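**Student:** One structure follows; several queries about it will come next.
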Amino acid sequence: MSLVHGGAGPQCFAHNMFEALHRVPDKFAITIEDVYERELQSSLEKLSNSVSKEEAVQVMNGSTLEGVLDLAGMLQPFQTTDDMRKIAEMTAKYFVLGRARPALESFLNGLSTLGVFDALTQNPDVFRPAFCYYPEKLTAESTENLF
């Protein structure tokens, strides 16, 4: 509602989530680097870079990866290193977009109802600062301006 009345936007979206807002989420590419949980990201990279089936099984059993793979529906047999890479990429996409999909769709419905969604899809760069967080460097001058 704030955006409709000229107020501040949420400024809480990661850049890849903002891209998913104004594009079709199923066609939006997510990489392993987009996974924000470092331990999971590391495990997915190890799985993706495994050179043998035995090494991949060891990676899956030696980390929290098995639980995430199970939740994502990716616990499936694999034969080649290409299969392992695809499983890692699909799990990353599930972790970043799949879990948030119902909330994202609800948010998009709200934006559509308020008439903001059409403007967002036509001018995404204008809306980016209102939706995405940009960290500011803390300087002596910015601290002084607070007081």
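The values are calculated or read from the model by the stated rules, or taken from the named source; none is laboratory data. In this text the structure is predicted, and so the values were computed from the model without any measurement. When we count neighbours, we look across all protein chains shown, and the Cβ atoms used for this are built from the backbone with ideal geometry, even at glycine. Surface accessibility is based on the protein's heavy atoms, side chains included, excluding ligands, DNA and RNA. Shrake-Rupley method; radii C 1.70, N 1.55, O 1.52, S 1.80 Å.
**Student:** So, for the chain, what is the accessible surface per residue at a probe of 1.4 Å, expressed in square angstrom? Intermediate results must be reported in sequence, preceding the final value.
**Tutor:** Details: 9460 Å² over 147 residues.
Value for the chain: 64 Å² per residue.
**Student:** Rounded to the nearest Å, what's the spacing between the alpha carbon centres of segment 95-139 and segment 35-81? Just the number, please.
**Tutor:** 30 Å
**Student:** If you don't mind, there's one more thing I want to ask. Based on the Cα gyration tensor of segment 32-97, what are the three equivalent ellipsoid semi-axes, each the root of five times an eigenvalue, rounded to whole Å and given largest first?
**Tutor:** 16, 12, 11
**Student:** Is segment 76-145 rounded, prolate or oblate when judged by the Cα gyration tensor, a ≥ b ≥ c being the square roots of its eigenvalues, rounded requiring a/c under 1.5 and prolate requiring a/b larger than b/c? Please list the in-between numbers first.
**Tutor:** Numbers: a/c = 3.21, a/b = 1.48, b/c = 2.16.
Taking the square roots of the gyration eigenvalues as a ≥ b ≥ c, segment 76-145 is oblate.
**Student:** Set Lys and Arg Cβ to +1 and Asp and Glu Cβ to -1, take the dipole of the chain about its Cα centre, and tell me which of Tyr134, Val57, Tyr94 lies farthest positive.
**Tutor:** Value: Tyr94.
**Student:** Can you give me the Kirkwood hydrodynamic radius for the chain, using every pair of distinct Cα atoms, in Å to one decimal? Numbers along the way, then the final one.
**Tutor:** Details: mean 1/r = 0.0566 Å⁻¹.
Evaluated on the chain, it is 17.7 Å.
**Student:** Oh, and also: Over segment 32-97, calculate the relative contact order: mean separation of alpha carbon pairs under 8 Å at least 6 apart, over the residue count, as a percent.
**Tutor:** On the way: 67 pairs, mean separation 29.0, N = 66.
44 percent.
**Student:** When the accessible area of segment 86-144 is computed with all protein chains present and a 1.4 Å probe, what percentage of it is carbon and sulfur?
**Tutor:** Reported share for carbon and sulfur atoms: 57 percent.
**Student:** Under 5 Å between amide H atoms, partner at least 5 residues away or on a different chain: which partners does Phe13 have, H built in plane at 1.01 Å?
**Tutor:** When sequence neighbours closer than 5 places are left aside, the close amide H contacts are Cys132, Tyr133.
**Student:** I've got another one for you. Using the Cβ atoms and a cut-off under 12 Å, what net charge is assigned to the surroundings of Arg99, where Lys and Arg are +1 and Asp and Glu are -1?
**Tutor:** Local net charge: +1.
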